[in-house]
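Asker: Below is one structure. I have some questions about it.
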Amino acid sequence: MIRTVLLVPFLILVSYFCGRAMLLISGVFPAKKREFFSSVSAGSMVLLGISFVSNFLTVTGSSLLSYEKKLFGILTAAILTVLYFTFMILTVFKTIKAATGADDKCGDKPAEKKPDSKKSDTAGILACLFAVLLSALCLTIVASGKFICSEGDETLETVRSFLDNEVMFSSDPIKGTPYTEGLPLRHKILCLPGLYSVISDACKVSPVIIVRHIMPAFWFFSGLCSICSLSAAFFKDDKDSPDKNKLYKRSLFVIFSLLFIFGANLSPYAQGFGIISAMWTGYAIRIWVLAPLMLSFLFRKKYIPAFLPVLCEAFICRTQYGIGFLACIYLIFIFAKLFAERRRK
C-alpha cells in the first residue's frame, strides 16, 4: 500500500531531476532559474523517450517482457547518471564563471537599487488559491477513476497479456488467442503498454492500479506543469513592464485550461476528451502534456527542444488518432513567426 502511494511522488521526483538537467544542458533556462514546472513536464518526456528505446529494442528482438524490464532499468540508470554528472559540471562551471564576472566588476559603480515591486493584490492571491484548489480537485478525480471511459481502448488488456504471457504482442489482448499473423511494427513501437507493464512488474502493483489510477495521476500532474510552464511563457517576468501582477493572469490561464478539459470531456469528438476519463492513453498525453510543453518552448524561441514532443507523439499515439497533430502545430507556428517577421520589415 505504501509502495503504491509513494509511486506517483517518486515518478515526479525522477522526472524533475531528468527534466532539470535536460533543460540546463539544452540552455532553455539559465542555471539560477529552477523552473520546477517545466522540469517535471520535460522529465516526463525523457521517461517516454527511455520507454520507446527499450520497447523498440525489445519488440525487434526477443519480445520478452523481462528483456524490456532490464533494458529500461539499464537505460534509466545510465541516463540519470549522465544527466546528473553533466548537470553538476555545468552548474559548477556556470557558478565559477558568474563569480569571476562579479570579481571583474568590483571596480564598477554600485548599481542603483530599484524600488521593490508591489505585492500581488488580493485578486491575484484569490485567483491563485482557486487555481490550486481546482487543480487538486481535478487531480483527485483523475486518480480516483470516477469518470473512466475505456470504450475502444485496450491498454489494460494489453498490459495484462504482457504480464500473463511474459512475452509482448504474442496474443490478442481481447480474445486471449495467439495472433495468427504478426502485428505491424507501427503498432508494436507504441511504448505506453510496455512502460505500464514494466512499472507494474517492477513495483509488484496490479496493472489495474497502474493503468487506471497511478499513471493517470502522474500524467495529469505533468500536464498541469506543462500548462503552468506555458502560462509563464505567455506572461513573462519582465522587470521593465509596468504590469507587475503576473500571478493573476497565470492563475486565470490555469483555471480556464482546467475548465476547458471538463467541457471537452463531454464529447468524445473533442480534442481534450480523455484527459479526465482516460489519462493513461496516448492521445490524452499528447494534448495535455506534450502540446503545452511544445508551445512553451516555441514561445521561448527554443525550437530544437520544442521538436522533441513531436517525436514523442509518434510512439504514443495510434494512427487512427491522427499522427502529426503536434508536427502541424509546430510548422504553423514557425511559418506564422516567419510571416510576422517579414511583415515587420
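For every residue, the table says whether it meets (1) in contact with a Ser or Thr (Cβ under 7 Å, 6 or more places away or on another chain); (2) at pLDDT below 90.
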residue: 204; (1), (2): no, yes
residue: 210; (1), (2): yes, no
residue: 221; (1), (2): no, no
residue: 225; (1), (2): yes, no
residue: 234; (1), (2): no, yes
residue: 239; (1), (2): no, yes
residue: 246; (1), (2): no, yes
residue: 253; (1), (2): yes, no
residue: 269; (1), (2): no, yes
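Asker: Let me ask something else about it. How many residues are surrounded by fewer than 17 Cβ atoms within 10 Å (Cβ to Cβ) and part of a helix (DSSP H, G or I) if we restrict to the range 300-313? Write out each step before concluding.
Answerer: Start the filter on the range 300-313 by keeping residues that are surrounded by fewer than 17 Cβ atoms within 10 Å (Cβ to Cβ), which leaves 301, 303-304, 307, 311.
Next, from what is left, pick out any that are part of a helix (DSSP H, G or I): 303-304, 307, 311.
Number satisfying all stated conditions: 4.
Asker: Inside the range 291-345, can you point out the residues that are farther than 22 Å from residue 196 by Cα, among the charged types (D, E, K, R) and within 18 Å of the chain's Cα centre (by Cα)?
Answerer: If the condition is that a residue be farther than 22 Å from residue 196 by Cα, among the charged types (D, E, K, R) and within 18 Å of the chain's Cα centre (by Cα), then 300, 302 are the ones that fit.
Asker: Another question, then. For residue 288, state whether it is at pLDDT 85 or above, assigned to a loop (DSSP other than H, G, I, E, B) and either acidic (Asp, Glu) or within 16 Å of the chain's Cα centre (by Cα) (or both).
Answerer: On the way: at pLDDT 85 or above: yes; assigned to a loop (DSSP other than H, G, I, E, B): no; either acidic (Asp, Glu) or within 16 Å of the chain's Cα centre (by Cα) (or both): yes.
Taking the combined requirement at face value, the residue does not satisfy it.
Asker: Could you run through the range 258-290 and say how many residues are under 22 Å from residue 332 (Cα atoms), among the small types (Gly, Ala, Ser) and in contact (Cβ under 8 Å) with a residue 40 or more places away in the chain?
Answerer: So in the range 258-290, the residues under 22 Å from residue 332 (Cα atoms) come out as 270-272, 283-290.
If we keep only those that are among the small types (Gly, Ala, Ser) too, we end up with 270, 272, 284.
From the residues that got through so far, the ones that are in contact (Cβ under 8 Å) with a residue 40 or more places away in the chain too are 284.
Looking only at that region, the number is 1.
Asker: Same structure again: Name the pairs: first residue in the range 167-191 and at pLDDT below 80, second residue in a loop (DSSP other than H, G, I, E, B) and surrounded by 16 or more Cβ atoms within 10 Å (Cβ to Cβ), Cβ to Cβ under 6 Å, at least 6 apart or on different chains?
Answerer: Correct list of pairs: 183/169.
Asker: Can you pull out the residues in the range 287-301 that are more than 19 Å from residue 220 (Cα to Cα) and in contact with a helix residue (DSSP H, G or I) (Cβ under 7 Å, 6 or more places away or on another chain)? Before the answer, list the steps.
Answerer: Initial filter on the range 287-301 (more than 19 Å from residue 220 (Cα to Cα)): 297-301.
Those that are more than 19 Å from residue 220 (Cα to Cα) and in contact with a helix residue (DSSP H, G or I) (Cβ under 7 Å, 6 or more places away or on another chain): 297, 298, 299, 300.
This table checks each residue for (1) modelled with pLDDT of 90 or more; (2) among the acidic types (Asp, Glu); (3) surrounded by fewer than 21 Cβ atoms within 10 Å (Cβ to Cβ).
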| position | (1), (2), (3) |
| --- | --- |
| 1 | no, no, yes |
| 15 | yes, no, no |
| 19 | no, no, no |
| 22 | no, no, no |
| 27 | no, no, yes |
| 34 | no, no, yes |
| 40 | yes, no, no |
| 45 | yes, no, no |
| 52 | yes, no, no |
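Asker: Name the pairs whose Cβ atoms lie under 7 Å apart, with the first residue in the range 127-142 and over 22 Å from residue 213 (Cα atoms), the second assigned to a helix (DSSP H, G or I) and of a type outside the set (A, V, I, L, M), and 6 or more positions between them or separate chains?
Answerer: Sorted first by the residue in the range 127-142, then by its partner, the pairs are 127/248; 127/251; 128/251; 131/251.
The values are calculated or read from the model by the stated rules, or taken from the named source; none is laboratory data. Computed from a predicted model, the values in this text were never measured in an experiment. FYI the Cβ positions are ideal-geometry reconstructions off the backbone, even for glycines, and counts take in every protein chain you see.
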